[in-house]
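So the structure is just underneath, and the comments pick up after that.
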């Protein structure tokens, strides 16, 4: 998992609008990158809506939000539309960025272990370095938690 102070490698993924989105295009702004397991599931919906509800405060603190999962662009479009999400949802079907950040980890449920996305968030500073890591996130109030972190 990336740590505070690590330089983040630039990446380009396809956004929910079908266009490519590169991390480098946000240089000069703080970027909140959150990794989540799956569109339209209870925990992921709560987390996305908490970011939506805190989005104005996030913008006021000089940051943008990028949500990343393995879901398809089409799935992201439906999810974004259903919950009126004002930020990018990026598709990483090959796990490249998810793995680079260390969000692809062994998980367990009902006694079975499997590999999956660990709900985690990173705040990237204006120069492209990790300034804060949230390794295991509780989805309900995460947006407020991010606003507090951005305020410092």
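If the condition is being within 14 Å of the chain's Cα centre (by Cα) and at pLDDT 95 or above, then segment 120-141 contributes 120, 121, 122, 123, 124, 130, 132, 133, 134. For residue 33, the conditions (1) part of a strand (DSSP E or B); (2) at pLDDT below 95 are fulfilled apart from (2). Quick test for you: out of 126, 141, pick the one residue that is touching a residue at least 40 places away in the same chain (Cβ under 8 Å), surrounded by fewer than 20 Cβ atoms within 10 Å (Cβ to Cβ) and touching a strand residue (DSSP E or B) at 6+ places or on another chain (Cβ under 9 Å). Only one candidate passes the filter, namely 126.
The values are calculated or read from the model by the stated rules, or taken from the named source; none is laboratory data. In this text, all values refer to a predicted model and were calculated from it rather than measured experimentally. For neighbour counting, all protein chains shown are included, and Cβ atoms are generated from backbone atoms with ideal geometry for every residue, glycine included.
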